[in-house]
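The values are calculated or read from the model by the stated rules, or taken from the named source; none is laboratory data. As the structure is a prediction and not an experimental result, all values here were calculated from the model. FYI the Cβ positions are ideal-geometry reconstructions off the backbone, even for glycines, and counts take in every protein chain you see.
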Amino acid sequence: MTILEQIDLLEIYDIDKITMFKIFQNKVVLITGHTGFKGSWLSLWLNHLGAKVVGLSLGIPTNPSNFETTNLNPLIQSYDVDIRDRESISEVVHSCQPDFVFHLAAQALVRPSYDSPIKTIETNAMGTVNLLDSLRSINKDVVAVIITSDKVYDNVEWSWGYKETDRIGGKDPYSASKGMAEIAIRSYVESYFNNANPNVRLCTTRAGNVIGGGDWAKDRIVPDCMRAWSKNEAVNIRSPFSTRPWQHVLEPLSGYLVLAFKLSQSSKLHGEAYNFGPSTSKNYSVSNLLDEMSKHWNKVQWNDISDKSDQLHEAGLLKLNCDKALSELNWQPTLNFAETVRMTVDWYKNYYDNQEDSTFNFAIAQINEYIGLAESRCMEWASND
């Protein structure tokens, strides 16, 4: 599908067709980390669904950013707040009185966590505790989806996918901080949100490696490539043969929305954890990703620097088992690997070809394309029944 054909989807796809997601219309939805990569896409989608989006973030993490290129700021109520600031978090929560909460605020990268372990742990672990403690004193029904990471598992790099019941661990400060958050969440569920029908219902989610347009973070494979290739430069690749559960950003976001809907309908899901990732039947390496990206971008160049001796530890193999999401939520990934990469590169091509223009329309077109593919593949959440 060409870029122009995608833009045409703005005119032909009616977002109101999605019965399940009508629950978000006119609801107050608090998103922490709304200026980040995933948070900005989720803010855009929920705004498109008619939600009253309230965002809480400490500034804008990158320049450029998806939040700014889509011109999201006029569409949502934003609070410039550090997730580590407990009193300010509580003030925002009690002021906006959310119906739904999606917690994405984080220090989200492995390599910077080696340089700033204390900040990483304070942000990811204590930041989560600050939000949970704010919800503890709220006097209304709230559904909260707490996003951690696929890195929470004690990864011994075996060949099968990790299940939600596998051991929590983490060799690097980032992974450890997310594991700490999971333990704290479990404690709050058991200690404060533990009656038969709690007013605060929450779940945790662990998503695979997310790619897609609008990611500008340092030391992430796709934005590193796009920055270099847009200037006809080579990109340095640290671990070309490492495998990851690559998925387009819209995949886990659809899972978060499905989970929020179903959690609002049933307290049986309260306190559960869910993996959201691609099928484990096919595993793709960084090298595979580069090869697939080269089909959509001219003059691809990269250097293998994996033999450098100063490499920090990064997992070589990581897979997720998402059977629980399929069984209990009837959620499964929509896109295959080729579609994931094509949609990702198309976004950057559109950005570099039209840098003076907002990416809002193109992002909405990609959301609509994704919904259309999900409906054509009989995904329950995209049904209008």
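Values as computed for the structure displayed
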| quantity | calculated |
| --- | --- |
| Conditions (1) touching a helix residue (DSSP H, G or I) at 6+ places or on another chain (Cβ under 7 Å); (2) surrounded by fewer than 17 Cβ atoms within 10 Å (Cβ to Cβ); number of the one not met by residue 232 | (1) |
| Of all residues making up region 50-108, the number that are crowded, with 18+ Cβ neighbours inside 10 Å, of a type outside the set (Ser, Thr, Tyr) and part of a strand (DSSP E or B) | 9 |
| Selected residue [charged (D, E, K, R) and more than 27 Å from residue 367 (Cβ to Cβ)] from 220, 238, 244 | 238 |
| Boolean, residue 221 is modelled with pLDDT under 95, out of contact with any Gly (no Cβ under 8 Å at 6 or more places or on another chain) and crowded, with 21+ Cβ neighbours inside 10 Å | yes |
| Members of region 109-152 that are in a loop (DSSP other than H, G, I, E, B) and of a type in the set (Lys, Arg) | 140 |
| Residue check, residue 272 at pLDDT 95 or above, touching a Cys at 6+ places or on another chain (Cβ under 7 Å), of a type in the set (D, E, K, R) and surrounded by 13 or more Cβ atoms within 10 Å (Cβ to Cβ) | yes |
| Per-region count, region 155-179, residues in contact with a strand residue (DSSP E or B) (Cβ under 9 Å, 6 or more places away or on another chain) and in contact (Cβ under 8 Å) with a residue 24 or more places away in the chain | 8 |
| Answer residue from region 345-381, given it is small (Gly, Ala, Ser) and touching a residue at least 24 places away in the same chain (Cβ under 8 Å) and is surrounded by the fewest Cβ atoms within 10 Å (Cβ to Cβ) among those | 358 |
| Any chance residue 113 is closer than 28 Å to residue 68 by Cβ and either crowded, with 24+ Cβ neighbours inside 10 Å or within 19 Å of the chain's Cα centre (by Cα) (or both) | yes |
| Verdict on residue 140 being surrounded by 18 or more Cβ atoms within 10 Å (Cβ to Cβ) and touching an Asp or Glu at 6+ places or on another chain (Cβ under 9 Å) | no |
